[in-house]
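Here is the structure we will look at, set down as structure tokens.
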Amino acid sequence: MNKTITWLSADGDREWFPPLDHALDDPEGLLAAGGDLGPARLLAAYRRGIFPWYSAGQPVLWWSPDPREILLPAEFKRSRSLAKSMRNRGFEIAFDRDFAGVVGACAARREHSTGTWITPEMQAAYAELHARGHAHSVEVRLGDALVGGLYGVLMGSVFFGESMFSRETDASKAALARLVERGLVAGLTLIDCQLPTPHLRSLGSKPMNRLEFSALVHAGTAVPDVPLFSDA
């Protein structure tokens with residue numbers, strides 16, 4: 001199939017996306033460009049296993065890479081050093097108490113980085129999803145300082161991870177470990193990691209082909225949200 005980029009209109013059907021097999025091979029997984037970051041479009045994207053990722057000055061870019069990096073909660077790898085950190089470092093881990101703080105920390109420029117893909121437009125879009133009960137955060141504090149965390153979108157039994165940060169050794173790993181702990185009890189079936197990193201691989205993430213990933217997302221998002229954050 002001769003693939004070309006699909007352009008979305010912000011004035012059109014806000015829930016429309018092309019079929020996933022229309023995603024480009026180069027750059028890998030780029031499915032569409034344009035549109036908006038309104039709640040309807042974002043939720044429709046996640047329901048199809050699509051996520052936005054772009055830099056300032058670009059149109060919104062929508063992605064469905066193949067393979068997809070995923071983490072099955074039961075396959076999470078908690079090392080002995082991480083377990084020791086969670087017992088002894090004095091981390092206080094909470095859910096949904098400082099969503100804006102976590103997103104802001106994830107958006108902050110990192111060492112050796114020239115920018116961030118979490119633009120002010122993206123921050124505002126996920127703040128709106130959080131206000132509507134769809135986007136959530138895990139925060140790790142040491143004393144009064146926010147030292148690590150992650151955020152993403154929960155739909156049914158699937159958590160679509162967006163970003164994580166760490167200012168102390170093991171802080172972001174502790175956030176993910178606590179999310180997995182609660183997820184195993186709540187009935188979480190899948191954590192979407194989007195793209196591979198050595199950090200995520202060390203915690204048990206693995207690649208999954210698009211067809212299998214899409215089937216898991218379809219099944220997972222068809223059920224009511226699991227009580228992952230209900231008592232946060």
Original post:
What net charge is computed for the residues neighbouring Leu179, neighbours being all others with C-beta under 13 Å from the C-beta of Leu179, Lys and Arg scored +1, Asp and Glu -1?
Top reply: -1
**OP:** With the full set of protein chains in place, find how many percent of the accessible area of the range 48-101 is carbon and sulfur; take the probe as 1.4 Å.
**Re:** 49 percent
Original post:
Within the accessible area of the range 144-232, what % is carbon and sulfur when the probe is 1.4 Å and the other protein chains stay in place?
Top reply: 58 percent
Original post:
Rounded if a/c is under 1.5, else prolate if a/b beats b/c, else oblate: with a ≥ b ≥ c from the C-alpha gyration tensor eigenvalues square-rooted, which is the range 56-143?
Top reply: prolate
**OP:** Could you tell me what percent of the DSSP beta bridges with both partners in the range 148-206 are antiparallel, to the nearest 5?
**Re:** 75 percent
**OP:** May I ask you to give the solvent-accessible area per residue for the range 143-190, in square angstrom, as obtained with a 1.4 angstrom probe?
**Re:** 31 Å²
**OP:** Using θ = phi - 60° and the Karplus relation 6.51 cos²θ - 1.76 cosθ + 1.60, list the HN-Hα couplings for the range 45-51 in order, rounded to whole Hz, with x at every Gly or Pro.
**Re:** 5, 4, 4, 9, x, 10, 9
Subject >> Rg(Cα)/(2.2 N^0.38 Å) for the chain, N = residue count >> reply: 0.99
**OP:** Give, as a single signed number, the net charge of other residues whose beta carbon lies under 11 Å from the beta carbon of Phe159, with Lys and Arg counted +1 and Asp and Glu -1.
**Re:** -2
**OP:** Among the lysines, select those whose C-alpha is under 27 Å from the C-alpha of Lys173, and discard any that sit fewer than 8 residues away in the same chain.
**Re:** Lys77, Lys84, Lys206
**OP:** Hey, can you grab everything whose amide H is under 5 Å from the amide H of Met155? Only 5+ residues off in sequence or another chain; H modelled, so Pro and N-termini drop out.
**Re:** Phe160
**OP:** Amide H neighbours of Ala10 under 5 Å, at least 5 residues apart or on other chains, H built in the peptide plane: list them.
**Re:** Gly35
**OP:** Evaluate the relative contact order of the range 1-144 (contact order divided by residue number), counting alpha-carbon pairs under 8 angstrom at least 6 apart; express in whole percent.
**Re:** 21 percent
**OP:** List every residue whose amide H lies under 5 Å from the amide H of Ser163, counting only residues 5 or more places away in sequence or on a different chain, with H placed 1.01 Å from N in the peptide plane.
**Re:** Tyr151
Original post:
Within the chain, what percent of beta bridges assigned by DSSP are antiparallel, to the nearest 5?
Top reply: 85 percent
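The values are calculated or read from the model by the stated rules, or taken from the named source; none is laboratory data. Please read these numbers as outputs of a predicted model, since none were measured by experiment. Using ideal geometry, Cβ is built from the backbone for each residue, glycine included, and neighbour counts are taken over all protein chains shown. Heads up: the accessible areas ignore ligands, DNA and RNA and are worked out on the full protein's heavy atoms, side chains in. Shrake-Rupley method; radii C 1.70, N 1.55, O 1.52, S 1.80 Å.
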